[in-house]
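First the structure, in the form of structure tokens, and then the observations on it.
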Amino acid sequence: MFLERKLKDQSVWINIDSDSFKKNARIYQDYEIDKETIEYALDKNERAHMDYNRENGTVVFIYNVLNLATDKEHYETIPMTFVVQQRRLITISNQDNAYVVDMMKAYTERHEPVSVYKFLFASLELISNSYYPVVERMDKRKDEINALLRQTTTKKHLFALSDLETSMVYLVAAAKQNRMLLEHIKSHGIYRRFDELETEQFEDAMIEARQLVSMTDLIAQVLSQLSGSYNNILNNNLNDNLTVLTIISVLLAVLAVITGFFGMNVPLPLSNDKNAWIYIVVISLIIWGLLTKLLKWLANKK
């Protein structure tokens, strides 16, 4: 989706769909975007970072955006490219992060014209805010799955917990990378060129980025603890089941040994007694009872 909006002091914001670069290779020349930036924009595995070109003053920001259009069982993040030139902000989007462009467009409609950097940092703040509804839903889902697992520990619920853990891994990594990007901006020379409004907007974006890191990191730790707890519970259940099966196998072995003697072709006591089977059953039950108490005592002692 190609979009153009006017900003403050004849500045302009231009959004270009990344598919346009594939269809028209000359478009990056029209907007003075180098090939390296295009590679950043087309690489879905690119991490958040900042690249400054000293020759022309162009600054490229790669920021992690939540992928709301995923068809997987967990959430992932994708990079979005922001190119700051003289009096021009260029965003390179795709169908997965097009919702960010809609938020940016709504911002320009609700606010007075702003400078390029103020608009950039306002957009980054909007991106951080877009994480919160998803993170809150995941936190609520975590509590629901925990309640279900307390009732019945099933594979379905464990897989759901695993999906939440996977999502939080992506979100924590993305949030930390975004925060590191903003911290790098603050230590860069361009930060000293910001005016008061741009600095204030930058600080707002920084606050949201730090809060997002804290929120996602906390939920990730809780999920990790829950996963470890249920893993221990499953291991204990497995040990209990093996203990029961061992006791049953030992008790069955007693009957097999006793009856095995009477299956031999050798003279044995009671072999000619018609009530011998009753004596054998009684003796077996007595031995079973004694062994059962002994094995239970040994199992509980361990």
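The values are calculated or read from the model by the stated rules, or taken from the named source; none is laboratory data. Treat the numbers as computed from the prediction; the structure is a model and nothing was measured. Heads up, the Cβs are rebuilt from the backbone with ideal geometry, glycines too, and the neighbour counts pull from every protein chain shown. Accessible surface areas use protein heavy atoms only, side chains included; no ligands, DNA or RNA. Shrake-Rupley method; radii C 1.70, N 1.55, O 1.52, S 1.80 Å.
Things to note:
- Subset of segment 119-155 (residues that are open to solvent by 40 Å² or more (accessible area, probe 1.4 Å) and more than 26 Å from Asp217 (Cα to Cα)): Gln151, Thr152, Thr154
- Residue within segment 199-221 that is polar (S, T, N, Q), out of contact with any strand residue (DSSP E or B) (no Cβ under 8 Å at 6 or more places or on another chain) and closer than 30 Å to Gly57 by Cα present: yes
- Filtered residues of segment 46-92 (kept if closer than 20 Å to Thr216 by Cα and among the polar types (S, T, N, Q)): Asn64, Asn67, Thr70, Thr77
- Pairs with Cβ under 8 Å, 6+ apart, first in segment 158-178 and among the polar types (S, T, N, Q), second crowded, with 17+ Cβ neighbours inside 10 Å and part of a helix (DSSP H, G or I): Ser167/Met138; Asn178/Leu124; Asn178/Ile127; Asn178/Ser128; Asn178/Ala209; Asn178/Leu212
- Looking only at residues of segment 81-118 that are of a type in the set (Gly, Ala, Ser) and closer than 15 Å to Asp17 by Cβ, we find that the one that is surrounded by the fewest Cβ atoms within 10 Å (Cβ to Cβ) is Ala98.
- Just one residue in the set Leu226, Leu197, Leu212 is touching a residue at least 12 places away in the same chain (Cβ under 8 Å), among the aliphatic types (A, V, I, L, M), open to solvent by 70 Å² or more (accessible area, probe 1.4 Å) and part of a helix (DSSP H, G or I); that residue is Leu197.
- Boolean, Phe119 is assigned to a helix (DSSP H, G or I) and touching a strand residue (DSSP E or B) at 6+ places or on another chain (Cβ under 7 Å): yes
- Matching residues, segment 163-194, being over 21 Å from Val84 (Cβ atoms), in contact with a His (Cβ under 8 Å, 6 or more places away or on another chain) and open to solvent by less than 20 Å² (accessible area, probe 1.4 Å): Leu164, Ser167
- Taking residues in segment 249-265 that are within 20 Å of Gly289 (Cβ to Cβ) and among the β-branched types (Val, Ile, Thr), and partners anywhere that are open to solvent by less than 70 Å² (accessible area, probe 1.4 Å) and modelled with pLDDT of 70 or more, the pairs with Cβ atoms closer than 7 Å and at least 6 places apart or on different chains are Val250/Leu291; Val250/Leu295; Val254/Ser284; Val254/Ile287; Val254/Leu291; Ile258/Ile280; Ile258/Ser284.
- So His184, is it touching a strand residue (DSSP E or B) at 6+ places or on another chain (Cβ under 8 Å) and over 17 Å from Ile127 (Cβ atoms): no
- Within segment 93-100, one or more residues are under 20 Å from the mean Cα position of the chain (by Cα), under 24 Å from Ala174 (Cα atoms) and in the same structural domain as Ile185 (by the TED database).
- Pairs where the first residue, in segment 26-46, is over 25 Å from Thr77 (Cα atoms) and the second is surrounded by fewer than 16 Cβ atoms within 10 Å (Cβ to Cβ), C-beta under 6 Å, 6+ apart: Ile27/Ser20
- Boolean, Ile90 is in contact with a Lys or Arg (Cβ under 8 Å, 6 or more places away or on another chain), modelled with pLDDT under 90 and not charged (D, E, K, R): no
- Test result for Thr108, more than 25 Å from Arg179 (Cβ to Cβ) and either among the polar types (S, T, N, Q) or outside any loop (DSSP other than H, G, I, E, B) (or both): yes
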